[in-house]
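J.: If you scroll down you'll find the structure; I have some questions about it.
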Amino acid sequence: MPLLPEARMVLSSGTWKLFVLTGYEPREWLAYSFNRAEPVPTAPECVAVLAALGYEARGGAEWKWDATPAPRRRLFAKIPVRPVAPRPDGAHVGVAS
């Protein structure tokens, strides 16, 4: 199974953010900010954001928790995704910083 695209949700700068990793350059990734630290976004919320970004889970995949390597471990959720419709150029949902 290909590694990308993949969606990741991470707590960053005090807010949950969802990224769709479409390439190895972060500036190419689609992003959405939930603008909150609590509660953790639900699976239905993430499905809705992915749909708005033009993606869905690949082949019945489910969200899985993982962590970055030490020494600065960060917990994140990930799921393999696939595009469901072409996106118009310049269309973005939310802003990640």
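The values are calculated or read from the model by the stated rules, or taken from the named source; none is laboratory data. Keep in mind that what you see is a predicted model, and the values were worked out from it rather than measured. So basically every Cβ, Gly included, is an ideal-geometry build from the backbone, and we count neighbours across all protein chains shown. Quick note on the areas: whole protein, heavy atoms, side chains included, nothing else; ligands and nucleic acids left out. Shrake-Rupley method; radii C 1.70, N 1.55, O 1.52, S 1.80 Å.
J.: Per residue, how much accessible surface does region 1-88 expose to a 1.4 Å probe? Answer in Å², no decimals.
T.: Per-residue value: 62 Å².
J.: Also, I was wondering about something else. Collect residues whose amide H, placed 1.01 Å from N in the peptide plane, falls under 5 Å from the amide H of Glu6; neighbours closer than 5 in sequence don't count.
T.: Under 5 Å from the amide H of Glu6 lie the amide H atoms of Leu21, Val81, each far enough along the sequence or on another chain.
J.: Follow-up question, since we're still on this one. Do the sum for the chain: with -39,500 (n - 2.57) for every DSSP H run of n ≥ 4, divided by all residues, what is the mean residue ellipticity at 222 nm, to the nearest 500 deg cm²/dmol?
T.: Here the helix-only value at 222 nm equals -3500 deg cm²/dmol.
J.: Taking region 22-83, which GluC sites (Glu not before Pro) meet the DSSP loop condition and have no more than 11 other C-beta atoms within 10 Å?
T.: In loop regions of region 22-83 (DSSP not H, G, I, E or B), the sparsely surrounded GluC sites (Glu not before Pro) are Glu62.
J.: For the chain, what are Rg and Dmax over the alpha carbons, in angstrom?
T.: 12.9, 40
J.: Using packing as a proxy for protection, rank 9-15, 21-27, 46-52 so that the peptide with the highest average count of other Cβ atoms within 10 Å comes first.
T.: Packing proxy ranking, top to bottom: 46-52, 9-15, 21-27.
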